[in-house]
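The values are calculated or read from the model by the stated rules, or taken from the named source; none is laboratory data. What you see is a predicted model; the values in this text were computed from it and never measured. FYI the Cβ positions are ideal-geometry reconstructions off the backbone, even for glycines, and counts take in every protein chain you see. What goes into the accessible areas is simple: the full protein's heavy atoms, side chains included, and nothing from ligands, DNA or RNA. Shrake-Rupley method; radii C 1.70, N 1.55, O 1.52, S 1.80 Å.
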Amino acid sequence: MTNPAAVADVRSPLSDGEWHRLHPLTPVLRGGLFLVVVLGIVITNLRDRIIGWLFPAVADWERYEADPVDYVVSNNLILIALLAVLGVLLILLGGFWLSWRFHTFRITGDDVEVRSGILFRTHRRAPLDRVQGVNLTRPMVARLLGAAKLEVVGAGLDANVKLEYLSTANAEAVRADILRLASGRQLARAGDAAGVAGAAGVAGVAGTTPRGRAAVAAVSAGLTGLIDGAEQPVAEPASVVHIPAGRLIASRLLSGSTLWLVLLVGVIVVGSILGTPWVLFTLVPTVIAFGAYWFRTVTRALRYSIAPTPSGVRITFGLFTTITETLPPGRVHAFEIRQPLLWRGFGWWEIKVNRLSGRSASDAQAQQFADVLPVGTRDDVERVLRLFLPGISAEQWQELVVHGLLGPRSGADPYVTTPRRAWWLRPLSWRRNGALLTPDALLLRHGLIWRSLVILPLARLQSIALAQGPVDRALRVAGVTAHIVAGQVRGSVGALDRDDAVAAWQRTAAAVVAAAASDRSHRWDAEPEGAGDVNAENAAAAAAPVGDVAMYSDAANAARPVDTANAADTAGPVAASVGERDAVAAVPAAGAISDDGGERR
Amino acid sequence: MTNTPDRPNPDTVSRTATDPADAAGEGVVLDGGTYDRILEPRSENRLPLGDGLWHQLSRNYVWVRLISTVAFLVLVIAAALVASLVLRLGWVWIPAGLVVVSTIWTLVILPRQARAYGYQLRQDDLVFRRGILWQRMVAVPYGRMQLVDITHGPLDRLFNIAQLKLVTAAATTGVTIPGLTQAAAERLRDTLIAVAETRRTGL
């Protein structure tokens, strides 16, 4: 279509700011299950008849007198019946076609937008500087058809913008575009590239309107995807961590749930010996359930890879349904490096993170997105952390690992720990339980048996609390809690000496303000000053109303009323006013509009 | 209920105030009809107050809480009386007794609790404190606020108080300042928004 160099440099035809359609098979893939069920019902009901048609010898016609097929044949209604079937098929196809036609997306310099629905229209928009990550999911069936699902992760609950489905190649291109646009790097380059792309477009397909051209492009790309069929090879950057399948399986088997299984089996066996033997039968479902659980966790974590890309860290996992997430810099709010007891002998660790995954905590996949390293050695931990926190110096690494992971070493322990007088509040781990404030992160160290180290980047910390109960007061200790977005990692440390805790609280509060002021990760690759002027397209986008709600779906039926609880999690300026709340004020959050870097402190 | 807070002077309620500390007339609006000393635990091991000006709650807050708590108490006792005398359910006094005792305890500590609340508008963050037995202090940077929410019920309106809630991206922040005078709540909201505007940051 356009000059390939320009495309490679700037954006694919799918993100030129026009509305585009999704993969033509989208309705089938989305409604696929429904169709399979209907087909299954029809086939089951007509099973004997189909056998009869195929093998007339075994036909047994007398048994089907009340059969509708017989009724149709005997009343000469074949034509009508065929017409009815045809009509249903046409309506289905028409519905599919309509829903495909009405399902469009657009990627501009500032937002990703999706419109869908025939009767009840929804329109969703995600501002690019609020993008928390981009996930490319390839479920098994879609993979066979060469399609993939792209999910732009927003900052609220149920705030993700989904582009399902795109052909794999398109999905890759769109993902690259979104990340490039979100990074802000685009702003600097688009000026010269837009001219090239425009010229090439005019020269290449003179005569066609841009819209028509885009539609043709979308259809042809979709068809190409159809013909190409199976999964296309994708250029993946090399993973920095390799987890042998054996280690992965062993680590899952050695998890805490296994201890429970062993305990449960023991109880059941003892119970059956002492009392009622039939209790033994409950073993079967228990073992099956655990087997399914293990199978699921292992297949999810297989094919794990983690690699740096210019637009962030890319994590891939999943054997059947492959998920590739790209996490732009500064999107992780907390890390926890953990070592379950049974892993200690092998020296294995896992890393969990808190991030805005755009899903509710109850979502099964939310947990999956928290696992950044399912299992790894100390070197793997170091490699993964270096991807996310590139600023760590060798000296800080020493603080982090030698003191943080492996516990207090005799001599200089940089961490502030529980004083001896309060040892009985943390009977085993009082020497280890502690905190350390580094220039860019707050480190919290816990646990002697279940070792864990929490790393809280200061630029992401929301607020910080200091608390003291009566027992604490008697011992002159206090606890510090850092507030971060909800997730599996919790940032609190208790039983520190009062003066240490107060100092840590004061210094962290000041450091958080400083870190937040110098943080640029919402447009991580943008030029610091006035980059927006270069880009004509961007100027047009900036004319859009200031202070748009970060995420909305407006529809005739107001499909998703944003309630206050939800709004609390949503990043942008949100206003809600109901009942007795007669004054609600929205604080315009950062980056509702992107090009004001100059005035930001 | 001792004194009514001053109505906000239109000059002082200006949306352009960016620095919370030096805005003129701040003290009049925020500290009108409030307590003037934070109640602390007696032990020397307590969390120190630190320096800076602590703003406190309106004295009316205690009355609102007392009235609603007493109303609740009366309701519980009435329900228990009905259940025991009319329906002959003697055991109902066990749960009712527990509720009554804990509510009376709440009534006793209410006035002390109300004096322990405080907030400080520092250069870059808001510090909130509460509690005597269980002390808690939270520092919320202005740039982290996503939402400022003012709530007042009918009883609150009668006593001219309001509750102000700060929401950040973390659900655990939990900063809710109850019992501000309405003028103070509105003033505080406007100040916070103006300040947040100049210090806004990413999530």
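For region B:101-120, which positions are in a helix (DSSP H, G or I) and open to solvent by less than 30 Å² (accessible area, probe 1.4 Å)? If you could, list the steps in order and put the result at the bottom.
Let us first name the residues in region B:101-120 that are in a helix (DSSP H, G or I), namely B:101-116.
Answer for region B:101-120, where residues must be in a helix (DSSP H, G or I) and open to solvent by less than 30 Å² (accessible area, probe 1.4 Å): B:T103, B:L110, B:A114, B:A116.
Could you please let me know if A:T481 is polar (S, T, N, Q), at pLDDT 90 or above and under 30 Å from A:F369 (Cα atoms)?
Against the criterion (polar (S, T, N, Q), at pLDDT 90 or above and under 30 Å from A:F369 (Cα atoms)), A:T481 qualifies.
So, of the residues in region A:243-262 that are outside any helix (DSSP H, G or I) and in contact (Cβ under 8 Å) with a residue 24 or more places away in the chain, which turns out to be surrounded by the most Cβ atoms within 10 Å (Cβ to Cβ)? I'd like the intermediate steps shown before the answer.
Taking region A:243-262 and keeping what is outside any helix (DSSP H, G or I), we get A:243-244, A:254-255.
When the remaining residues are screened for being in contact (Cβ under 8 Å) with a residue 24 or more places away in the chain, the result is A:243, A:254-255.
Values: A:I243: 23, A:L254: 18, A:S255: 18.
Taking the candidates together, the pick is A:I243.
Got at least one residue in region A:289-297 being open to solvent by less than 60 Å² (accessible area, probe 1.4 Å), among the β-branched types (V, I, T) and either touching a residue at least 40 places away in the same chain (Cβ under 8 Å) or farther than 22 Å from A:V131 by Cα (or both)?
yes
All but one of (1) in a loop (DSSP other than H, G, I, E, B); (2) at pLDDT 80 or above hold for A:P233; which doesn't?
Checking A:P233 against (1) in a loop (DSSP other than H, G, I, E, B); (2) at pLDDT 80 or above, the one that fails is (2).
Yes or no: region A:394-415 includes at least one residue that is touching a Gly at 6+ places or on another chain (Cβ under 6 Å) and in contact (Cβ under 8 Å) with a residue 12 or more places away in the chain.
Checking region A:394-415: at least one residue is touching a Gly at 6+ places or on another chain (Cβ under 6 Å) and in contact (Cβ under 8 Å) with a residue 12 or more places away in the chain.
Working carefully through the options B:L166, B:L180, find the one that is outside any helix (DSSP H, G or I), at pLDDT 90 or above and at the interface with another protein chain (Cβ under 10 Å from one of its Cβ atoms).
B:L166
If you go through region B:66-73 one residue at a time, do you hit one that is open to solvent by less than 70 Å² (accessible area, probe 1.4 Å), over 30 Å from B:Q182 (Cα atoms) and more than 14 Å from chain A (Cβ to nearest Cβ)?
Within region B:66-73, none of the residues are open to solvent by less than 70 Å² (accessible area, probe 1.4 Å), over 30 Å from B:Q182 (Cα atoms) and more than 14 Å from chain A (Cβ to nearest Cβ).
For region B:159-196, name all the residues that are out of contact with any Ser or Thr (no Cβ under 7 Å at 6 or more places or on another chain), without any contact (Cβ under 8 Å) to a residue 24 or more places away in the chain and open to solvent by 30 Å² or more (accessible area, probe 1.4 Å).
B:A171, B:T172, B:T176
Count, please, the residues in region B:130-148 that happen to be more than 9 Å from chain A (Cβ to nearest Cβ) and crowded, with 19+ Cβ neighbours inside 10 Å.
So the count comes out to 1.
Which helices (runs of 4 or more DSSP H) sit wholly inside region A:325-442 and have at least 3 residues that are within 30 Å of A:R296 (Cβ to Cβ)?
The qualifying helices (runs of 4 or more DSSP H) are A:364-370, A:378-388.
Can you find, within region A:447-493, the residue that is farthest from the other protein chains (Cβ to nearest Cβ) among those that are polar (S, T, N, Q) and open to solvent by less than 40 Å² (accessible area, probe 1.4 Å)?
A:S452
Suppose the filter is modelled with pLDDT of 80 or more, among the β-branched types (V, I, T) and open to solvent by 40 Å² or more (accessible area, probe 1.4 Å); does A:V161 pass it?
When the stated conditions are applied, A:V161 does not pass them.
Quickly run through region A:475-495 and pick out the residues that are in contact with a Leu (Cβ under 8 Å, 6 or more places away or on another chain) and not β-branched (V, I, T).
Once the filter is applied, which keeps residues that are in contact with a Leu (Cβ under 8 Å, 6 or more places away or on another chain) and not β-branched (V, I, T), region A:475-495 yields A:L475, A:A478, A:G479, A:A482, A:H483, A:G491, A:S492, A:G494, A:A495.
For B:T151, state whether it is touching a residue at least 12 places away in the same chain (Cβ under 8 Å), within 22 Å of B:A114 (Cβ to Cβ), touching a His at 6+ places or on another chain (Cβ under 6 Å) and within 7 Å of chain A (Cβ to nearest Cβ).
No: the conditions fail for B:T151.
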